[in-house]
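Chemist: Following this message is one structure expressed as structure tokens.
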Amino acid sequence: MSADERIRAELIRAALAIGAPDDVAPVMERPRDPAHGDWATNLAMTLARPLKQKPAEIAKSLIAALNLADAGVAEATVAGPGFINFRIAAGSLASSLAGILEAGDRFGRTDAGQGRTVNVEFVSANPTGPLHVGHGRQAALGDSISALLEHTGWKVTREFYYNDGGVQIQRLTDSVFLRLVGRELPEDAYHGEYIKEIAAAYLEEKGRETAGPFAGAPAQAMAARLAERWDTDEKLRDDLRRFSVAYLRHEQDLDLKAFGVSHDVFFLESSLYTDGKVESTVEALKKAGHTFELDDALWLRTTDFDDDKDRVMRKRDGTYTYFVPDVSYHVDKWNRGFMRAINVQGSDHHSTVTRVRAGLQALEIGIPKGYPEYVLHQMVTVMKGGEEVKISKRAGSYVTVRDLIDEVGRDAVRYFFLMRKGDSQLVFDVDLARSQSEENPVYYIQMAHARLCGIFRVGEIDAAGVTADGVHWECLAEPEERELIKALLDWPKLVQGAAEALEPHRVANYLLETARMVHTWYHKHHVLNEPEHIMRARLVLAKAARIVLVNGLETLGISAPERM
């Protein structure tokens, strides 16, 4: 039982002893100022009405009824209008480190999710080019949200949704064709160098064929034949489309691999049409009675489900608007058994939220109102040398994830993408991310871990052999030690809160603050060459801090080097 849980249990006993209701539930919080103690509660104020007494008087009665020794408390005092501040005995506080050592890499993990399944969809970039920095931020968010959910007992499926059809894919195909035949590209085409790479790869593949219209022909001849057949040969256009999409899908997979991100499922939008799922969803919406015909178009009455206006489903030309396959896609998720689904997308998808949920509600098949959950993020501005970087040598019109990884490394990119809340603007400072200084947060955190490792390396001590057996916990009484211990013990609650809120930036901020405490302790207090009982206690603290830093960095997908 943790220190706050012990105090809480004793508070409940004391409260019942002075006549509190049976459902008394004390809330424990950290005081903002450590000088006020280690834990505080407003229980006396919440009991003022049922006990018909002033909070300050109730607080005094509670303290009098408490068995401070059983709660591991050295001192309990009344503050303000009735707060109770607790200072935990040094030995009692430090003894909780034994639980960290025992749990090891499991410290912070819980079974709150009880093995339930959740689908986390993220990145889901159209296969029209390399991944840009916005996709990178989304990849870091989605992967870390997935890790946090796994740490709290959820069974996570990471999913990537490919939009492999529509106007953008046609534009991609046309752009590759124009590069193949050497024609000028229009303004709205894709102009990056990667288009030339696709064109060259296509000609290379066709040149290896032993049969077909291009067999045995040199590149120039193949391009000429392609130009002749382009307007009349649907099969040829489809072949180039499929090749281009597959090429870029592979490229994006390489980008994600370089970023340390993997997915369990790759879902193609085209399958929703070929499998008849879009049509069946439309028919189900008609049957449910929430559609109507107007101006030769089919509409969905989304105003029945909190939308500001009704939405067109099928346009006059017979094609569907973009949210219809999205509804069908989420029906498919639901039918695959995902009672919970989370979509990590850019803020430009804000209007999608209401429409997709409205469509799912209109089907009346039992999907809850808040399905799916959305985590929307703002875009990224990249700065280098004090100026904004807007284009990539390869992509042309934007900065790619691979550009940043090549510049500063995977760890820095992932941390910088996660250090701010997703819905806040993010400025990525390349110069800061490359620097090896205390101003660089990821370097600062990793250095804290490396310094802890250095203690064991310099002392020629096997960290695996350091245990809590026979440790004199009262030795860990210095203010810097107490604050560090409290921070380490807060890790499980931090993980739970970050997972529930779907906010990995909480972990990033926690690690930075905990690293600050490690550095302060490291500089002020020696571990080696101290009396045996002090050294052993501080080795336990160093090992516990290592465990927490490693576990925290793992949820962000960042390494914990032992040397820097």
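Computed from the coordinates by the stated procedures, all read-outs in this text should not be read as laboratory data. Here the structure is a predicted model, which is why all the values come from computation and not from measurement. Virtual Cβ from ideal backbone geometry, glycine too; neighbours counted across all protein chains shown.
Chemist: Please report, ordered by residue number, every helix of the chain (full DSSP H runs) that is 30 Å or longer along its axis going by C-alpha atoms and whose mean Kyte-Doolittle hydropathy reaches -0.5. Mind showing how you got there, number by number?
Modeler: Numbers: long enough: 234-258 (36 Å, -1.04); 532-555 (35 Å, 0.57).
Helices meeting the span and hydropathy rule in the chain are 532-555.
Chemist: Give me the Kirkwood hydrodynamic radius of the range 438-555 in Å, from all C-alpha pairs, to one decimal place? All intermediate terms of the calculation are to be shown ahead of the outcome.
Modeler: Numbers: mean 1/r = 0.0679 Å⁻¹.
Answer for the range 438-555: a Kirkwood hydrodynamic radius of 14.7 Å.
Chemist: Rounded to the nearest 0.05, what FRET efficiency do residue 388 and residue 286 have when you use their Cβ-Cβ distance and R0 = 51 Å?
Modeler: Details: r = 49 Å, r/R0 = 0.96.
Efficiency at R0 = 51 Å is approximately 0.55.
Chemist: Now for a separate question. Compute the relative contact order of the chain as a whole-number percentage, counting only Cα pairs closer than 8 Å that sit 6 or more residues apart in sequence. Provide the component values of the computation, followed by the final result.
Modeler: Values: 903 pairs, mean separation 92.8, N = 564.
Contact order relative to length: 16 percent.
Chemist: Out of the DSSP beta bridges found with both residues in the chain, what percent are antiparallel (nearest 5)? List each step's numbers first, then the result.
Modeler: Working: 23 of 44 bridges.
Of all bridge pairs located within the chain, approximately 50 percent are antiparallel.
Chemist: Show the residues, 5+ positions off or on another chain, whose built amide H is closer than 5 Å to the amide H of residue 377.
Modeler: For residue 377, whose amide H was placed from the backbone, the distant partners under 5 Å are 345, 346, 347.
Chemist: Compute the FRET efficiency between residue 463 and residue 427 as 1/(1 + (r/R0)^6), taking r as their Cβ-Cβ distance and R0 = 35 Å, and round to the nearest 0.05. Each step should come with its number before you reach the end.
Modeler: Working: r = 38 Å, r/R0 = 1.09.
Here the calculated transfer efficiency is 0.35.
Chemist: Tell me, what is the Rg over Rh of the range 167-256, with Rh the Kirkwood radius over Cα pairs?
Modeler: Values: Rg = 12.7 Å, Rh = 13.4 Å.
Result: Rg/Rh = 0.95.
Chemist: What would the Debye equation give as log₁₀ I(q)/I(0) for the range 379-464 at q = 0.14, 0.23, 0.25 Å⁻¹, counting only Cα atoms as equal point scatterers?
Modeler: -0.58, -1.14, -1.27
Chemist: What FRET efficiency would be calculated for the residue pair residue 155, residue 353, taking the C-beta separation as r and a Förster radius of 30 Å, to the nearest 0.05? Show your work: numbers first, answer last.
Modeler: Details: r = 25 Å, r/R0 = 0.83.
Efficiency at R0 = 30 Å is approximately 0.75.
Chemist: Provide the three semi-axes, in whole Å and in decreasing order, of the ellipsoid equivalent to the range 3-88 as defined by the square roots of 5 times the Cα gyration tensor eigenvalues.
Modeler: Numbers: eigenvalues 69, 41, 23 Å².
They are 19, 14, 11 Å, listed from largest to smallest.
Chemist: Show me 140-151, 182-193 ranked by packing, highest mean number of other Cβ atoms within 10 Å first. Spell out each step's value before the answer.
Modeler: Values: 140-151: 25.2, 182-193: 12.8.
Top to bottom by mean Cβ count within 10 Å: 140-151, 182-193.
Chemist: Let me ask something else. Provide 75, 251 in ascending order of the number of other Cβ atoms located within 10 Å of each residue's Cβ, fewest first.
Modeler: On the way: 75 13, 251 20.
Lowest to highest Cβ neighbour count: 75, 251.
Chemist: Select from 119, 195, 80 the residue farthest towards the positive end of the dipole of the chain; place +1 on Cβ of Lys and Arg, -1 on Cβ of Asp and Glu, and compute about the Cα centre.
Modeler: Checking the options against the dipole of the chain, the answer is 80.
Chemist: Here's a follow-up. When the helix-only estimate is applied to the chain (DSSP H runs of n ≥ 4, each -39,500 (n - 2.57), divided by the residue count), what is the mean residue ellipticity at 222 nm, nearest 500 deg cm²/dmol?
Modeler: Numbers: 24 runs with 287 residues, N = 564.
Calculated from helices alone, the mean residue ellipticity at 222 nm is -16000 deg cm²/dmol.
Chemist: Which distance in Å, rounded to a whole number, links the C-alpha centroids of the range 356-373 and the range 299-331?
Modeler: 13
Chemist: How big is the chain by the Kirkwood estimate over distinct Cα pairs, in Å?
Modeler: Numbers: mean 1/r = 0.0361 Å⁻¹.
Every distinct Cα pair counted, the radius reaches 27.7 Å.
Chemist: Then there's this: Return the tail of the calculated pair distribution for the range 68-164, meaning the percent of Cα-Cα pairs more than 22 Å apart. Display every interim value, and only then the final one.
Modeler: Details: 2764 of 4656 pairs.
For the range 68-164, the share of Cα pairs beyond 22 Å comes to 59 percent.
Chemist: Let me check the size of the range 241-322 from its C-alpha atoms; what are the radius of gyration and Dmax in Å?
Modeler: 17.9, 50
Chemist: A further question on this structure: In whole Å, what is the distance between the alpha-carbon centres of the range 279-297 and the range 512-564?
Modeler: The range 279-297 and the range 512-564 have Cα centres separated by 61 Å.
Chemist: Could you pull out every residue, at least 5 positions away or on a different chain, whose amide H is within less than 5 Å of the one on residue 313? Hs are placed 1.01 Å off N in the peptide plane, and Pro or chain starts have none.
Modeler: HN-HN under 5 Å from residue 313: 298, 299, 300.
Chemist: Fewest to most neighbouring Cβ within 10 Å: what's the order for 339, 222?
Modeler: Arranged by neighbour count, lowest to highest, 339, 222 become 339, 222.
Chemist: May I pose another question? Between residue 270 and residue 102, what length in nm is gained on full extension when 0.36 nm per residue of separation is reduced by their alpha carbon distance?
Modeler: Values: separation 168, 0.36 × 168 = 60.48 nm, distance 5.00 nm.
Result for the pair: 55.5 nm of gain on full extension.
Chemist: Over the range 99-216, with a single point scatterer placed on each C-alpha, what log10 of the ratio I(q)/I(0) does the Debye formula yield at q = 0.12, 0.18, 0.20, 0.22 1/Å?
Modeler: With one equal scatterer per Cα and no solvent, log10 I(q)/I(0) is -0.67, -0.98, -1.10, -1.19.
Chemist: Related question: So for the range 447-526, taking the charge dipole from beta-carbon charges (+1 Lys/Arg, -1 Asp/Glu), which of 519, 467, 505 sits furthest toward the positive end?
Modeler: 505
Chemist: Based on Cβ point charges of +1 for Lys and Arg and -1 for Asp and Glu, what charge dipole magnitude is obtained for the range 3-88 about its Cα centre, in debye rounded to the nearest 20?
Modeler: On the way: 10 positive and 11 negative charges, 56 e Å.
With only Lys, Arg, Asp and Glu charged at Cβ, the dipole is about 260 debye.
Chemist: Would you compute the Debye intensity of the range 417-459 from its alpha-carbon atoms alone, equal scatterers and no solvent, and pass along log10 I(q)/I(0) at q = 0.19, 0.22, 0.28, 0.35 Å⁻¹ to two decimals?
Modeler: Once normalised to I(0) and log-transformed, intensities are -0.67, -0.78, -0.97, -1.12.
Chemist: How long is the gain from residue 297 to residue 335 if the chain were fully straight, where each residue apart is worth 0.36 nm and the alpha carbon distance is subtracted?
Modeler: The span from residue 297 to residue 335 would gain 10.8 nm if fully extended.
Chemist: Under a point-charge model restricted to the Cβ atoms of Lys and Arg (+1) and Asp and Glu (-1), what is the dipole moment magnitude of the range 438-555 relative to its Cα centre, in debye to the nearest 20?
Modeler: On the way: 12 positive and 17 negative charges, 15 e Å.
Dipole magnitude for the range 438-555 comes out near 80 debye.
Chemist: How big is the equivalent ellipsoid of the range 287-375 along its three axes, where each semi-axis is √(5λ) from the Cα gyration tensor, reported in whole Å from largest to smallest? Could you put the intermediate results ahead of the total?
Modeler: Working: eigenvalues 94, 43, 30 Å².
Working through the eigenvalues yields semi-axes of 22, 15, 12 Å.
Chemist: Under 15 Å from the Cα of residue 384, which aspartates and glutamates turn up, not counting those fewer than eight places away in the same chain?
Modeler: By straight Cα distance, residue 384 reaches 403, 406, 407, 429, 431.
Chemist: For the range 50-99, report the translational diffusion coefficient in µm²/s to the nearest whole number, using Stokes-Einstein at 37 °C, 0.692 mPa s, and a Kirkwood Rh over Cα pairs. Kindly include the intermediate steps, with their values, before the conclusion.
Modeler: Details: Rh = 12.0 Å.
Answer from the Stokes-Einstein relation: 273 µm²/s.
Chemist: Points 7 angstrom from Cα along the Cβ direction at residue 306 and residue 533: gap in nanometres?
Modeler: A separation of 6.1 nm, rounded to one decimal place.
Chemist: Taking the dipole about the Cα centre of the chain, with the C-beta of Lys and Arg at +1 and of Asp and Glu at -1, give me whichever of 55, 169, 18 is farthest to the positive side.
Modeler: Farthest towards the positive end: 18.
Chemist: Further, regarding this structure: Report the charge-dipole magnitude of the chain in Debye, nearest 20, computed about the Cα centre from +1 at each Lys and Arg Cβ and -1 at each Asp and Glu Cβ. Provide the component values of the computation, followed by the final result.
Modeler: Working: 68 positive and 83 negative charges, 94 e Å.
Roughly 460 debye for the chain.
Chemist: Quick one: order 462, 174, 307, 70 by neighbouring beta-carbon count within 10 Å, fewest to most.
Modeler: Details: 462 8, 174 20, 307 17, 70 12.
Ranked by crowding around the Cβ, least crowded first: 462, 70, 307, 174.
Chemist: Enumerate the lysines that residue 486 could reach by cross-link, defined here as Cα to Cα under 28 Å, with residues fewer than 8 away along the same chain left out.
Modeler: 60, 421, 524, 543
Chemist: Related question: Treat the range 506-548 as a sphere of radius equal to its Kirkwood radius over Cα pairs and apply Stokes-Einstein at 20 °C in a medium of 1.002 mPa s; give the translational diffusion coefficient in µm²/s, rounded to a whole number.
Modeler: Working: Rh = 11.2 Å.
Translational diffusion coefficient: 192 µm²/s.
Chemist: A further question follows. Checking the cross-link filter: which aspartates and glutamates have an alpha carbon closer than 14 Å to that of residue 493, excluding same-chain neighbours under 8 positions apart?
Modeler: The qualifying aspartates and glutamates are 4, 5, 29, 111, 503.
Chemist: While we're looking at this one, here's another question. Gap in Å between the Cα centre of the range 421-474 and the Cα centre of the range 88-122?
Modeler: 19
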